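Notes for the one structure printed next.
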Amino acid sequence: YVFTEIFGKGHHMLLQYMMKQDGSDDPLLQKLISYTSNLKEATKALQNVSGGSRGKESETEWAARLAVHFFLPLSLVQDYILDSCSSHKVLECPCSCKSRINYGDTSIGHPKTWFGLFDIVIGKTLSPQERNKRRKPETEVHIAATVIPEEPDEESETLLESSEDNLSQIEVKFESLHKFFSQIASQSIVFSFYQKKCNSAVSIVPSIAVSKTHVQFHFYDCEKDLYFLSREMPLFSEDDNELLLETVIATWLVLNYRHLLSGPTEGMVKGEKFGFHSNVSDEVLNLYRNEIKMGITKIKTEHLDLKSGLYYQGVIVDASDTLKRKKNMKKQQS
């Protein structure tokens with residue numbers, strides 16, 4: 001599928017802007033225009049001065065850069081937290097802006113389903129005191145992201161041992177997002193059920209997986225059991241190491257999905273199901289639908305294993321079409 005098929009509203013907004021070629025007062029579009037007008041500055045802020053964007057830097061430092069200089073500038077929602085349980089926490093953004101970094105409880109799950117922690121949460125979170133005051137103590141989370149370690153963990157290293165010796169470093173890192181599919185899919189499924197519980201009007205809910213070099217978007221519709229994932233999109237151009245416009249546009253669409261997403265097409269709904277619903281009991285499925293919580297105390301839980309091959313590993317959605325359409329539009333106008 002083409003990436004913009006599920007972002008019909010966002011696609012229409014971009015086409016309207018490109019055809020008119022004038023400024024827009026729409027706050028959403030202004031976010032994208034402002035950011036893409038200053039890609040060099042944004043790129044510089046994301047890069048580690050000790051070694052560029054691919055230099056050695058802790059996951060928390062990278063998460064801080066992403067939140068302050070990539071996600072927030074493209075999002076209408078300006079509240080965020082990083083995982084308070086993360087190691088090597090920094091008080092300020094590692095770049096020269098020295099923005100204060102916010103930390104909080106990013107946990108999500110249920111004792112009998114799956115429990116985990118996101119690295120970055122965009123949206124308003126509630127303190128324990130605030131949750132106790134509310135009749136329905138839910139966080140107002142918008143979207144969440146998982147930062148993939150720069151170096152493969154022991155499990156990933158074992159998987160990579162069977163790979164050809166001549167794989168380049170970039171190719172190994174490119175594959176790293178795929179190696180973490182089980183973790184990311186588990187988080188995406190749980191997050192989708194949580195969002196559906198908080199807002200019955202939502203359909204496909206995205207989540208983000210991002211490494212030092214690539215980003216991938218996962219989408220799950222917990223009602224229709226549909227799972228889609230984008231291709232692993234490079235963050236930076238190989239030519240000048242600048243942020244890729246295609247990736248920036250796709251990220252903007254995802255971060256603002258509540259305004260720009262149109263939902264699955266009829267063809268998608270009639271297509272192959274992910275298989276999660278059919279592989280859990282009605283009792284467990286009911287827990288997912290009604291009992292998933294965010295901002296809870298860390299607890300021992302059952303493990304949701306997606307490596308068993310029971311599930312169809314999603315359908316690829318290709319974001320490259322967005323930029324191709326933009327280039328074609330410019331050619332037609334010239």
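The values are calculated or read from the model by the stated rules, or taken from the named source; none is laboratory data. What you see is a predicted model, and the numbers here were worked out from it, not measured in a lab. Here Cβ is always computed from backbone atoms with ideal geometry, including for glycine, and neighbour counts include all displayed protein chains.
Against the criterion of being at pLDDT below 90 and in contact with a strand residue (DSSP E or B) (Cβ under 8 Å, 6 or more places away or on another chain), residue 115 qualifies.
Mind listing whichever residues of segment 205-225 are in contact with a Gly (Cβ under 9 Å, 6 or more places away or on another chain) and modelled with pLDDT of 95 or more? Spell out the reasoning first.
Of the residues in segment 205-225, the ones in contact with a Gly (Cβ under 9 Å, 6 or more places away or on another chain) are 212, 218-221, 225.
The answer is 218, 219, 220, 221, 225.
Across segment 69-85, not a single residue is classified as buried (at least 19 other Cβ atoms within 10 Å of the Cβ), under 20 Å from residue 187 (Cα atoms) and among the small types (Gly, Ala, Ser). Which of the residues spanning segment 215-234 are in a loop (DSSP other than H, G, I, E, B) and crowded, with 24+ Cβ neighbours inside 10 Å? Once the filter is applied, which keeps residues that are in a loop (DSSP other than H, G, I, E, B) and crowded, with 24+ Cβ neighbours inside 10 Å, segment 215-234 yields only 222. Could you check how many residues of segment 53-108 are over 17 Å from residue 141 (Cβ atoms) and of a type in the set (Ser, Thr, Tyr)? Final tally of qualifying residues: 7.
The criterion of being over 17 Å from the mean Cα position of the chain (by Cα), on the phi < 0 side of the Ramachandran plot, not β-branched (Val, Ile, Thr) and not in a helix (DSSP H, G or I) holds for residue 273.
Out of everything in segment 175-212 that is in contact with an Asp or Glu (Cβ under 6 Å, 6 or more places away or on another chain) and assigned to a helix (DSSP H, G or I), what residue ends up being surrounded by the fewest Cβ atoms within 10 Å (Cβ to Cβ)?
First, the residues of segment 175-212 that are in contact with an Asp or Glu (Cβ under 6 Å, 6 or more places away or on another chain): 177, 198, 203-204, 212.
With assigned to a helix (DSSP H, G or I) added as a condition, the list becomes 177, 198.
Working: 177: 23, 198: 15.
The residue in question is 198.
Number of residues in segment 198-208 that are in contact (Cβ under 8 Å) with a residue 12 or more places away in the chain and under 22 Å from residue 273 (Cβ atoms): the value is 6.
Can you go through 286, 241 and tell me which one is among the polar types (S, T, N, Q) and farther than 25 Å from residue 63 by Cα? Let's see the steps before the verdict.
Numbers: 241 fails: farther than 25 Å from residue 63 by Cα.
Within the list 286, 241, the selection yields 286.
Got at least one residue in segment 240-252 being in contact (Cβ under 8 Å) with a residue 24 or more places away in the chain and within 15 Å of residue 202 (Cα to Cα)? No, segment 240-252 contains no residue that is in contact (Cβ under 8 Å) with a residue 24 or more places away in the chain and within 15 Å of residue 202 (Cα to Cα).
Listed by position, the helices (runs of 4 or more DSSP H) enclosed by segment 2-60 that each have at least 1 residues that are at pLDDT 95 or above are 27-36, 39-46. Taking (1) over 20 Å from residue 45 (Cα atoms); (2) under 11 Å from the mean Cα position of the chain (by Cα); (3) not basic (Lys, Arg) in turn, residue 222 satisfies each apart from (2).
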